[in-house]
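The values are calculated or read from the model by the stated rules, or taken from the named source; none is laboratory data. No experiment lies behind these values; they were computed from the predicted model shown. Neighbour counts are summed over all protein chains in view; Cβ atoms, including those assigned to glycine, are modelled from backbone coordinates with ideal geometry.
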């Protein structure tokens, strides 16, 4: 009996000390090896009297389990320490830069077009397109702007032939003509795209973007026009209230015609849309002129409706605080990066237009 | 159109304030562009007396003047005028004043070490005349008492600049604006009873309008005023002219200007003594010449409307007069012209000769044909009053009579268009105020349009007038219904948006560049396209429509490289042009990538961007857009702006019906020619219009989900092939063995050199063999192996590398 206790005490003391893996393995074989101290005790079992044998065996097993557990724990401890030491050595400077990634951007004009399409989509407009090169008829004559009309002076036109029959469209309005010639009423379309005028300074570029709107049906009146634009402006600028002013103007292809101003103020050098007592012109619109409807074989006594034209670049400038129109087209890497949008940032109705 | 409230009040009785006026003008469609307070600035200009002059110590031509401006102290002013002398009464401008001519603000300045407090002014500096020689000399008898007082009369009227739309010639006269305002409830239009000329004196100049085809003049009214003495205008007239920012010239010129500005009735005054015999209004003959009042010599084309005499052209009717018959201060006898010229004729001639004058601007918009006599009456009496002389009988030559426009108007149309209601009574009141006459005819009204409104010809024009004058704020807001009956975008438009964002997501910045380009750049990239010139380009660097997006992209890439950026990718999606007819354009996605990958990276090895980078971008984009890369086919037929060896053409399928994309290195010669310095420049073009659109949605195109869980095995093969054999051919050969069994074919090594015969290369591929029906056993696999080797060897001439 004292043997067992002696073994136990001896090894318990040993196990408390500092050991390495081979020492502990040695200990393991000293105890549980073929001729190990514990193994030899087991061999004794047969020679012990029957009355004592049960107790002896039980005590021996307890000691065996105890020592075995202790040794396993110790081995785990040592292994853990070793792994930890190894991992500690593998430590790197995790603040070093990640592998490089590239990030593209969407041009603010493209983003704005998507925003506009998303808003008009909600109220049932679909998108139409037309060519950049137009004939004089679609760009002017069909739009009730006959040759020698002074209104043509308002558009400095780029021509592609001496006879001035082919030109770069000066507005997106010829898409109205193409759409109405192609299909039958009702019409409810927007047409975003490139437009061209021979004009260049801080606020004018020889190429810019417009979105045309056209809604023709049996009973569309100026109230619908006002409602549609009011809705659009509010949605676009993502404000609840907007100060908007319709004021009479003149375009040959609409009558009555209006220009629309929105209220703004300058706060801390930044333009704030919707408040303030200054006005900013943002679009032209009106009821489609009966002459235009006649030109596209739509009966003006049966159908009527409105059209509008909005400068997209101008809207983008206002919404995103861009000062210089020409910078849109100068392709400066820094500018594109600064004002561009993440390609995953797709404007949608349900998510909201901008983040 | 510039007006002042003061001038408006000549025609309008109103109690409203100017603030309300500005609002009202804009509300009725006469947009206020700007409001300038001229008198506030002019108040600073004082009558002053030079007390003492001394030569400037450091400049021979300058004088240092001590000037009395009414205060206790004299002001020291450095002046260069030779007429600056002691005792002279002149006009002094203090520091802070804005010089009307140059619009510059004066400051206290040191002029050659002598400090000058303000300036003594010449007439030209104050826009009083063109006289710039010396400072103004005011008569001491008149002005001695006024020293220290403002020279310009105090006026509370601001200069209001209106933007008049081209349909409203009547509002190019103050009276027209007053009429519109009165109709809108802003006061009452004054009734002006002009005196009528009732002379018995017969003019001794005969006027004749030639009856010929395309005659641009239909009425020519005139009267002769004899024995006048042209002089400076009286103060009231000068003030009027100055109040709207113009310069007084002489009484006769100022009077004709005044009548034009007041009632939009352009007039022309001839020196009658310089007219040979009589006036003939006729079409010009080709090559005829004359010198106009702008001192330019014009050579006329056939058929322009000229006013001529026996000797030749006197002036272009309604556009510009000639120097030969112009009035001067010594003019004694005047022929006053008041005519009607056809807008179309005016516009044609002015456009051809590139002349823009105030008269032309008005006539081309349409002058009131019934204002001829009013104009003559008004101007002739003023001339007589100011310059003396006697007025002759009025002579009116006519080749066409004015016809009143009548419109049948249905009052119910108003609400139908505007969406709001006003009573018929209100409508008629507005129309009457605007000068319409009406007659009730059953449910309708027969309206006679006033002669000064050439813009009104149909019912919708009447609606416009009524909505405009009632006020656009009366239009109700009808909220739109959120309902969609048609999809917003069609398939092509969806693809456009998809490709745009797909390419951007691969690290390309989207650019938008002009649709036109520099022909020198275009030349490199036009390929087989025709050059499309712009007849009137904005600059010689933007003189053609682009045949390719590369020309602009490369130019801007160069600019960015010059800014010091080395590794960039940019792209544009937009049109290129193949002809000058509408529709001869294609939509392309065009991208450029320059420089290196992993430049200055601590972790990755840097390398130049290469053709396989853009090939990945192109293929990945197309795959993302829904096209199957297994069917892609690539060959080497590319436009000449690509590196002939490192570029390719991609088709969506082996039938090669449409080019889906080009990609490759930009030809080194081009980089050399345009002097673009970068490590590497690779580009691609995806042809949106050539991408076949499936009628089915992407979802419907997908096959049933079917995968195999039977054991798969991977195999490697290395083939030795002729150097010219493409890996594509090899892969196609392998894949043709059995589509169902063989998948994931990968090229993992390409090798030339040691151990490989010359002109040959080794291509190593890895592939997966897996059956949908069973686990393949060794002999099955062995069979397939053999078949692969056999097929590849047969189809490509390759040899398996043992």
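Residue by residue, here is whether (1) assigned by TED's automatic domain parsing to the domain that holds residue B:620; (2) part of a strand (DSSP E or B); (3) surrounded by fewer than 17 Cβ atoms within 10 Å (Cβ to Cβ) holds:
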| position | (1), (2), (3) |
| --- | --- |
| B:682 | yes, yes, no |
| B:710 | no, no, yes |
| B:720 | no, yes, no |
| B:750 | no, yes, yes |
| B:763 | no, yes, no |
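Entry remark, segment B:356-395: residues being more than 16 Å from residue B:335 (Cβ to Cβ), surrounded by fewer than 21 Cβ atoms within 10 Å (Cβ to Cβ) and in contact with a strand residue (DSSP E or B) (Cβ under 6 Å, 6 or more places away or on another chain) number 2 in total.
Residues checked against (1) in the same structural domain as residue A:23 (by TED's automatic domain parsing); (2) in a loop (DSSP other than H, G, I, E, B); (3) at pLDDT 95 or above:
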| position | (1), (2), (3) |
| --- | --- |
| A:81 | yes, no, no |
| A:85 | yes, no, no |
| A:101 | no, yes, no |
| A:112 | no, no, yes |
| A:115 | no, no, yes |
| A:120 | no, no, yes |
| A:129 | no, yes, yes |
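Quick check on residue B:29: is it at positive phi and in a loop (DSSP other than H, G, I, E, B)? Yes, satisfied.
For every residue, the table says whether it meets (1) modelled with pLDDT of 85 or more; (2) under 27 Å from residue B:235 (Cβ atoms); (3) in contact with a strand residue (DSSP E or B) (Cβ under 7 Å, 6 or more places away or on another chain); (4) exposed (fewer than 14 other Cβ atoms within 10 Å of the Cβ).
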residue: B:88; (1), (2), (3), (4): yes, yes, yes, no
residue: B:107; (1), (2), (3), (4): yes, no, no, yes
residue: B:113; (1), (2), (3), (4): yes, no, no, yes
residue: B:121; (1), (2), (3), (4): yes, yes, yes, no
residue: B:130; (1), (2), (3), (4): no, yes, no, yes
residue: B:134; (1), (2), (3), (4): yes, yes, no, no
residue: B:142; (1), (2), (3), (4): no, yes, no, yes
residue: B:148; (1), (2), (3), (4): yes, yes, yes, no
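A residue that is in a strand (DSSP E or B), in the same structural domain as residue B:220 (by TED's automatic domain parsing), touching a strand residue (DSSP E or B) at 6+ places or on another chain (Cβ under 8 Å) and under 20 Å from residue B:222 (Cβ atoms) occurs somewhere in segment B:341-354. Number of residues in segment A:46-76 that are surrounded by 12 or more Cβ atoms within 10 Å (Cβ to Cβ), within 17 Å of residue A:7 (Cα to Cα) and more than 60 Å from the chain's Cα centre (by Cα) equals 11. Of all the listed residues (A:179, A:172, A:157), the sole one being buried (at least 18 other Cβ atoms within 10 Å of the Cβ), at negative phi and within 11 Å of chain B (Cβ to nearest Cβ) is A:157. Filtering segment B:553-563 to residues that are out of contact with any helix residue (DSSP H, G or I) (no Cβ under 9 Å at 6 or more places or on another chain) and more than 10 Å from chain A (Cβ to nearest Cβ) leaves B:558, B:562. Taking the conditions exactly as written (more than 14 Å from chain A (Cβ to nearest Cβ), touching a residue at least 24 places away in the same chain (Cβ under 8 Å) and within 12 Å of residue B:28 (Cβ to Cβ)), does residue B:175 satisfy them or not? Considered against the rule, which asks whether it is more than 14 Å from chain A (Cβ to nearest Cβ), touching a residue at least 24 places away in the same chain (Cβ under 8 Å) and within 12 Å of residue B:28 (Cβ to Cβ), residue B:175 comes out as no.
Among the numbered conditions (1) touching a strand residue (DSSP E or B) at 6+ places or on another chain (Cβ under 6 Å); (2) without any contact (Cβ under 8 Å) to a residue 40 or more places away in the chain, the only one that residue B:510 does not meet is (2).
Exactly one residue among A:138, A:148 is closer than 27 Å to residue B:164 by Cα and part of a loop (DSSP other than H, G, I, E, B), and that residue is A:148.
Considering segment B:514-552, and only residues there that are in contact (Cβ under 8 Å) with a residue 60 or more places away in the chain and more than 16 Å from residue B:676 (Cα to Cα), the residue that is nearest to the other protein chains (Cβ to nearest Cβ) turns out to be B:515.
Only helices (runs of 4 or more DSSP H) whose full extent lies in segment B:390-481 are considered here, and the ones with at least 3 residues that are over 33 Å from the mean Cα position of the chain (by Cα), at negative phi and modelled with pLDDT of 95 or more are B:412-418, B:424-433. Within segment B:571-581, restricting attention to residues that are facing chain A (nearest Cβ under 10 Å) and part of a loop (DSSP other than H, G, I, E, B), which residue is farthest from the chain's Cα centre (by Cα)? Step by step, filter segment B:571-581, then rank; the result is B:579.
When A:91, A:74 are checked against the criterion of being assigned to a loop (DSSP other than H, G, I, E, B) and more than 13 Å from chain B (Cβ to nearest Cβ), A:91 stands alone in meeting it. In segment A:196-206, the residue that is surrounded by the fewest Cβ atoms within 10 Å (Cβ to Cβ) out of those that are at the interface with chain B (Cβ under 10 Å from one of its Cβ atoms) and modelled with pLDDT under 95 is A:199.
If a residue has to be more than 7 Å from chain A (Cβ to nearest Cβ), over 23 Å from residue A:186 (Cα atoms) and free of Cβ contacts under 8 Å to residues at least 60 places away in the same chain to count, how many in segment B:460-496 make the cut? Here the count works out to 6. The residues on offer are A:220, A:189, A:177, and the sole one that is modelled with pLDDT of 95 or more, under 34 Å from the mean Cα position of the chain (by Cα) and more than 22 Å from residue B:535 (Cβ to Cβ) is A:189. In this structure, residue B:282 does satisfy being crowded, with 20+ Cβ neighbours inside 10 Å and not in a loop (DSSP other than H, G, I, E, B). Tallying residues that are touching a helix residue (DSSP H, G or I) at 6+ places or on another chain (Cβ under 8 Å) and not in a helix (DSSP H, G or I) within segment B:218-248 yields 20. Listed by position, the strands (runs of 3 or more DSSP E) inside segment A:211-285 whose residues that are under 23 Å from residue B:163 (Cβ atoms) and within 12 Å of another protein chain (Cβ to nearest Cβ) number at least 2 are A:244-251, A:254-267. When restricted to residues that are under 25 Å from residue A:171 (Cβ atoms) and assigned to a helix (DSSP H, G or I), segment A:302-338 contains 13.
Take residue B:610 and decide whether it is more than 13 Å from every other protein chain (Cβ to nearest Cβ) and either at pLDDT below 95 or buried (at least 22 other Cβ atoms within 10 Å of the Cβ) (or both).
Criteria not met by residue B:610.
So which residues in segment B:582-607 are facing another protein chain (nearest Cβ under 7 Å) and over 20 Å from residue B:551 (Cβ atoms), if there are any at all? B:582, B:583, B:598, B:601, B:602, B:603, B:604, listed by residue number.
Checking each residue in segment A:339-355 for being within 12 Å of chain B (Cβ to nearest Cβ) and either within 28 Å of residue A:170 (Cα to Cα) or surrounded by 14 or more Cβ atoms within 10 Å (Cβ to Cβ) (or both) picks out A:339, A:340, A:341, A:342, A:343, A:345, A:346, A:347.
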